[in-house]
1. So if I average 1/r over every pair of distinct C-alpha atoms in region 84-227 and take the inverse, what Kirkwood radius in Å does that give?
2. Please go through region 239-318 and write out the chymotrypsin sites (Phe, Trp or Tyr not before Pro) that DSSP classes as loop and that have at most 11 other C-beta atoms within 10 Å.
3. Can you tell me what percent of all Cα-Cα pairs in region 37-160 are more than 19 Å apart?
4. Applying 1/(1 + (r/R0)^6) with R0 = 45 Å to the Cβ-Cβ distance of K330 and L407, what FRET efficiency is obtained, to the nearest 0.05?
5. Run through region 342-414 and list the trypsin sites (Lys or Arg not before Pro) located in a DSSP loop whose Cβ has at most 12 other Cβ atoms within 10 Å.
6. In region 164-254, what is the volume of the convex hull around the alpha carbon atoms, normalised per residue and reported in Å³?
7. Average the reciprocal distances over every distinct pair of alpha-carbons in region 192-348, invert the result, and give the Kirkwood radius in Å.
8. Out of the trypsin sites (Lys or Arg not before Pro) in region 54-143, which ones are loop residues according to DSSP with at most 13 other C-beta atoms within 10 Å?
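The values are calculated or read from the model by the stated rules, or taken from the named source; none is laboratory data. Predicted, not measured: the structure shown is a model, and the values here were computed from it. Neighbour counts run over all protein chains shown; Cβ positions are idealised from the backbone, glycine included. With ligands, DNA and RNA removed, areas are computed over all heavy atoms of the protein, side chains included. Shrake-Rupley method; radii C 1.70, N 1.55, O 1.52, S 1.80 Å.
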Amino acid sequence: PPAAGPGQPSPQQRTETLGFYESDRGRKKKRSLSDLSLLRFISAELTRGYFLEHNEAKYTERRERVYTCMRIPKELEKLMFFGIFLCLDAFLYVFTLLPLRVFLAMFRFITLPCYGLRDRRLLQPAQVCDILKGVILVICYFMMHYVDYSMMYHLIRGQSVIKLYIIYNMLEVADRLISSFGQDILDALYWTATEPKERKRAHIGVIPHFFMAVLYVFLHAILIMVQATTLNVAFNSHNKSLLTIMMSNNFVEIKGSVFKKFEKNNLFQMSNSDIKERFTNYVLLLIVCLRNMEQFSWNPDHLWVLFPDVCMVVASEIAVDIVKHAFITKFNDITADVYSEYRASLAFDLVSSRQKNAYTDYSDSVSRRMGFIPLPLAVLLIRVVTSSIKVQGVLAYVCVVLFYCGLISLKVLNSIVLLGKSCQYVKEAKMEEKLFNPVMTATPGRPAGKQQSAFKSTQGISTDENGSTSVTNQPVHQKENMPSLLVTSNSDQFLTTPDGEEKDISQDSSELKHRSAKKDLLEIDRFTICGNRID
């Protein structure tokens, strides 16, 4: 080897130094292996620490999820409470104001020659719709007299428990399907009867539509009667096994709903469906109690026998709804504030139906939004009440009149409270401008922006001294050649559709996919198809 230079270690010194380092490394390795004992491992596990603030965002999100789940019961029940009273308002309308409106419409029709034909219309469109509803209600009521409730009860009671369970599930599915088609039948009848006659006829006539509506209401009333009879059989069974199975079916609903992808539109649909289902169940329970009380000669002691079962049905519905909505909001990262938006949307329907330029009755709006159609349920309830309660003597008729006056008072009080609350919810959601500045739908060959400007110029909406727009100053009648109005959202940024002034693109799959995007919450009804299962 070459000789070491001045100041450099010799080869022998380098060899000794390397040997020293290798021996020292070996001693350290032996010492570390000896340190890996069981006691030291347990000690390390017991004294090991970590810092949650290193992932602060993650844990803050988890805490907010817990708080959201804790808020869901309160916010959901506030929405349910408001929605149930909306359904009650539409349901009471059939018994209270609708007969009075039909009487006024018939009085106008009879006394019309005394005043002369000062208007092209014999009756206003709303009056025509009221008369159609009243006639359908009366015809279906008399048709229900040919359906024997007692024979149906004993026929269902003779079936096995599993068979009744399957029948009840089939009835629930059939009720949803027939409700979706039934409202279309009624809307088609109303529009066919009130459509301007100057237009080219594009329908089969009013009479065929009328018979279709009568057939629908009659069949739907029979369907609800079978549901009520099945529930009555479950209440009167000795071991209550059928009632338990039917209540457990509500928890099966959680499996079919929780593990799906939900957006705000989908959750709004489900919330409306739950409101309608809960109100319908309350009416079915009322029918069951009336039938049972009649069989026991209106003995009040039997009512306390039914009370635990009624509480079990109501409690199971509430528990299933809370669990279902809590996990849906958790899995889809939806905040609990969305239920306030849903409540504001329902309130907007009520407030807009009170305007002079309203395009629909509020009861029909509830039917479209929630899938709750009051006519079949009202026919069945009238049939059950008249068959269960016998009215004999002058005093009995006086009691009926007083009861009817009480129903009218309840309807008016409920409507006033709901209208006040609805105005409050609309104001809190900052949706007032939608009431006064509706956006018109685009027609072929004309952009939406031009239509909106033309609409504003023809409407002539006036303002008061404070600068606020007045609802009462809006015109009552619109021109017949003017397109229909569609309320859309401009201020709220959730669930908006693409504007009509977007860039023109080709009619291909990408355009269809783009147009199938989120819709405005005010355009979502009970039967709009949206939402997919999570893959």
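1. Numbers: mean 1/r = 0.0558 Å⁻¹.
Hydrodynamic radius (Kirkwood, Cα only) of region 84-227 equals 17.9 Å.
2. On the way: sites: F251, F259, F262, F268, F279, Y282, F296, W298, W304; in loops: F259, F262, F296, W298.
Of the chymotrypsin sites (Phe, Trp or Tyr not before Pro), not one in the loops of region 239-318 has a Cβ with at most 11 other Cβ atoms within 10 Å.
3. Values: 5876 of 7626 pairs.
Across region 37-160, Cα pairs with separations above 19 Å total 77 percent.
4. On the way: r = 42 Å, r/R0 = 0.94.
Approximately 0.60, to the nearest 0.05.
5. On the way: sites: R343, R354, K356, R368, R369, R383, K390, K411; in loops: R354, K356, K390.
In loop regions of region 342-414 (DSSP not H, G, I, E or B), the sparsely surrounded trypsin sites (Lys or Arg not before Pro) are K356, K390.
6. On the way: hull volume 9.2 nm³, N = 91.
Per-residue hull volume (Cα only) is 101 Å³.
7. On the way: mean 1/r = 0.0523 Å⁻¹.
Computed over Cα pairs of region 192-348, the Kirkwood hydrodynamic radius comes out at 19.1 Å.
8. Working: sites: K58, R62, R63, R65, R71, K74, K78, R101, R108, R118, R120, R121, K133; in loops: R118, R120, R121.
Answer by residue number: R118, R120, R121.
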